Amino acid sequence: MPRDRENKTLTIQLEAGDKERLEAIALKFGFTWGDRPNISALLKEIAKESILTVNWADTPPVDNPQRVAINGAIALIQEGLSKLLRLI
């Protein structure tokens, strides 16, 4: 029985090691064909924006004052929750 959907073929050129990195990402997100990583499924989800990618060049540096403050607040909240759990 023929498939109703239209399949397209895309050929890409990758630098050395890129295929392995893409396979690792596909495995990380659970995109497999049997027990093998499925790069095509990964790329389809990226195209549909089901998986968001990050441009690390646009992210604030680790020592950004806002990030440091947020990390400090998170640590205080975690400490408070740990103390609360011990009391319960």
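The values are calculated or read from the model by the stated rules, or taken from the named source; none is laboratory data. Since the structure is predicted, the reported quantities are computational estimates derived from the model, not experimental observations. Note that we place each Cβ from the backbone using ideal geometry, even for glycine, and neighbour counts take in every protein chain shown.
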*Would you mind stating whether Asp58 is at pLDDT 90 or above and surrounded by fewer than 10 Cβ atoms within 10 Å (Cβ to Cβ)?*
no
*Among the residues of region 9-16, is there at least one that is loosely packed, with under 10 Cβ neighbours inside 10 Å, polar (S, T, N, Q), modelled with pLDDT of 85 or more and not in a helix (DSSP H, G or I)?*
yes
*Starting from residues that are touching a Leu at 6+ places or on another chain (Cβ under 8 Å) and outside any helix (DSSP H, G or I), keep the ones in region 17-45 and report whichever is modelled with the lowest pLDDT.*
Phe29
*Go through region 21-45 and give me each residue that's surrounded by 11 or more Cβ atoms within 10 Å (Cβ to Cβ), acidic (Asp, Glu) and out of contact with any Pro (no Cβ under 6 Å at 6 or more places or on another chain).*
Glu45
